[in-house]
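Asks: Handing you a structure now.
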Amino acid sequence: MQKGAELYKGKAKTVFATADARYLVMHYRDDVSAFDGAKLAKLEGKGETNNRINAWVMEKLAAAGVPTHFVRLLNERESLVRAMKMVPVECVVRNVCAGSMAKRYGIAEGTRLSEPIFEFFYKSDALHDPLCNDDHIRVLGWASSEEIAAMKAITHSVNGILKPMFAAAGIDLVDYKLEFGHPVDDPHGALTLGDEFTPDGCRLWDAKTGEKLDKDRFRRDLGEVIQHYREVGRRIGAPGV
Ligand code: UDP
């Protein structure tokens, strides 16, 4: 698939058109950002590592029946995806209390939750992605009741697939964020995962030592960020990492 014009440059990826409006090229850069873009850096090799980890995870999800926008790996830093119209919310599932939930409710990071907790956030850097609920999403017109139900069901089902996959690699899946939408050529079809799954968008802790293997290494200046991302890729068996 021939890469066309640059359409959008995000914080870590650049999106290019292709000759077919139904497909886009997702280019993974080495840029990393945190705190809504307030902290920025370049980490050599991140683009390639995340592209490969994401492709491996997307294939596992697709094999388990999750509809995803991922089509195929194109090269070291690029993947082909379906063009999507996205719902402007982030879906988070937590198995262990960490990050914003620990802060919001004053609960110690690392507290195990008796069952997974689901949270919605409204996507807005300017507003720092505020927590929101089903009513906000439905009444403000961001998504329908059916789409809300589908986002919850799919995000939970991803936990059922990935938690055991990471556990088998000696890694605790603490929490993760997913975003959904509809492929542009199928606007009324099934709600589809339109996001990456990489150590940039989840929390992964070594099951034995509790060592952080995800973007918190960058957020909290723990060092050796990419070495730990690669460790994740190697442990889950992602080819080429
Ligand atoms: N997350 C993300 N993008 C965001 C916000 C959160 O990928 O814009 C991920 C984050 O890496 C973590 C999970 O979602 O794995 C829950 O994040 P949290 O609400 O704890 O916010 P944080 O403290 O990470 O900002």
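Asks: Identify, from the list 127, 131, the residue that is closer than 25 Å to residue 160 by Cα, within 14 Å of the ligand (Cβ to nearest atom), exposed (fewer than 15 other Cβ atoms within 10 Å of the Cβ) and over 14 Å from the mean Cα position of the chain (by Cα).
Replies: Working: 127 fails: closer than 25 Å to residue 160 by Cα.
Just one listed residue meets the conditions, 131.
Asks: Scan (1) under 30 Å from residue 223 (Cβ atoms); (2) touching a helix residue (DSSP H, G or I) at 6+ places or on another chain (Cβ under 9 Å) for the single condition residue 64 breaks and write down its number.
Replies: All conditions pass for residue 64, except number (1).
Asks: Among the residues of region 200-224, write down those that are over 17 Å from the mean Cα position of the chain (by Cα) and of a type in the set (A, V, I, L, M, F, W, C).
Replies: Passing the criteria: 207, 222.
Asks: Can we say residue 168 is open to solvent by 70 Å² or more (accessible area, probe 1.4 Å), more than 15 Å from the ligand (Cβ to nearest atom), farther than 23 Å from residue 219 by Cβ and not acidic (Asp, Glu)? Steps first, please.
Replies: Working: open to solvent by 70 Å² or more (accessible area, probe 1.4 Å): yes; more than 15 Å from the ligand (Cβ to nearest atom): yes; farther than 23 Å from residue 219 by Cβ: yes; not acidic (Asp, Glu): yes.
Yes: the conditions hold for residue 168.
Asks: Scan region 67-99 for residues that are over 24 Å from residue 216 (Cβ atoms) and within 16 Å of the ligand (Cβ to nearest atom) and jot them down.
Replies: Scanning region 67-99 gives 86, 87, 88.
Asks: Would you pick out the residues in region 141-162 that are within 18 Å of residue 66 (Cα to Cα), of a type outside the set (Val, Ile, Thr) and surrounded by fewer than 17 Cβ atoms within 10 Å (Cβ to Cβ)? I'd like the intermediate steps shown before the answer.
Replies: To start, the set of residues in region 141-162 that are within 18 Å of residue 66 (Cα to Cα) comprises 146-162.
Still in the list and also of a type outside the set (Val, Ile, Thr): 146-147, 149-153, 156-157, 159-160, 162.
Residues satisfying the conditions are 146, 149, 152, 153, 156, 157, 160.
The values are calculated or read from the model by the stated rules, or taken from the named source; none is laboratory data. Note that the coordinates shown come from a computational prediction; the quantities given were computed from them, not determined experimentally. Don't worry about glycine lacking a Cβ; one is built from the backbone with ideal geometry, like all the others, and counts go over all protein chains shown. All accessible areas refer to the heavy atoms of the entire protein, side chains included, with ligands and DNA or RNA removed. Shrake-Rupley method; radii C 1.70, N 1.55, O 1.52, S 1.80 Å.
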